[in-house]
1. Checking the structure you have, find out if any residue of the stretch 99-107 is farther than 16 Å from LEU32 by Cβ, at pLDDT 60 or above and surrounded by 12 or more Cβ atoms within 10 Å (Cβ to Cβ).
2. So which residues in the stretch 28-53 are buried (at least 19 other Cβ atoms within 10 Å of the Cβ) and touching a residue at least 40 places away in the same chain (Cβ under 8 Å)?
3. Of the conditions (1) open to solvent by less than 60 Å² (accessible area, probe 1.4 Å); (2) within 15 Å of PHE22 (Cα to Cα); (3) at pLDDT 90 or above, THR118 fails just one. Which one is it?
4. Could you list, in sequence order, the residues of the stretch 77-94 that are buried (at least 18 other Cβ atoms within 10 Å of the Cβ) and in contact (Cβ under 8 Å) with a residue 24 or more places away in the chain?
5. For the stretch 55-75, which positions are touching a Leu at 6+ places or on another chain (Cβ under 9 Å) and open to solvent by less than 50 Å² (accessible area, probe 1.4 Å)?
Amino acid sequence: AVMLSGALPALADAQGEPARAFKKYGEAILSLEPAVEKGDLTAITKKARKIELFLTAYRNNPSEKAKVEGLIDKFNEAAEKSDKAGTQTAYKALLDGTNLKKLLAGNPIPRGARIIDTSSSIAGSGKLISQAKFERARE
C-alpha cells in the first residue's frame, strides 16, 4: 500500500488556550448562579455568547465536547423558552457535568515575583486581583 497522506494534523495547545477558555468562560457561567436562582432570564440571555464560548475549552477532546455541548444546548433552550424551572435544572446539570465549581474552586492567589498562570500571562496581574474579588463574592 502506498501512503498518500503526510503527517496527521495535530491538536495544538501550545499556548494553553483551552485552559484559559475553561477559566474565563467557566467563571462567566458560575457568575450566573444568582440570576439562575432568581429566574432572571434577561441576565442569562445576555451571557449566552460566553456560555457558547465555553465549548472552546474542550476543543481537543471531541467526546467531552459533545457531552458539554448537549448540556449547554439544554440550558440555552430552556432560557430561550423562558422556562425558569427548566433553566435551573439545566444549569445544575451543566455545573455537575463539567465539575466547574470543583475545578474553579478558589485556590489561593500566588504571591511573589514571576508567578505565571493562564490569567497572569495573558491578561496581566490585574486579572488575578479581579479573580480574587470574584472568588470572595462566590463564598
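1. Filtering the stretch 99-107 down to residues farther than 16 Å from LEU32 by Cβ leaves 99, 102-103, 105-107.
Subset that is at pLDDT 60 or above: 99, 102-103, 105-107.
If we keep only those that are surrounded by 12 or more Cβ atoms within 10 Å (Cβ to Cβ) as well, we get 106.
Looking through the stretch 99-107, at least one residue is farther than 16 Å from LEU32 by Cβ, at pLDDT 60 or above and surrounded by 12 or more Cβ atoms within 10 Å (Cβ to Cβ).
2. ILE29, LEU32, VAL36, ILE44, listed by residue number.
3. Answer for THR118: the failing condition is (3).
4. Going through the stretch 77-94, the residues buried (at least 18 other Cβ atoms within 10 Å of the Cβ) turn out to be 78-79, 87, 90-91, 94.
Listed by number, the residues that qualify are ALA79, THR87, TYR91, LEU94.
5. Listed by number, the residues that qualify are VAL68, LEU71, ILE72, PHE75.
The values are calculated or read from the model by the stated rules, or taken from the named source; none is laboratory data. All of these numbers come straight from a predicted model, not from anything done at the bench. All Cβ positions, even for glycine, are placed from backbone atoms using ideal geometry, and neighbour counts span all protein chains on display. Accessible surface is based on the protein model in full, side chains and every heavy atom, while ligands, DNA and RNA are left aside. Shrake-Rupley method; radii C 1.70, N 1.55, O 1.52, S 1.80 Å.
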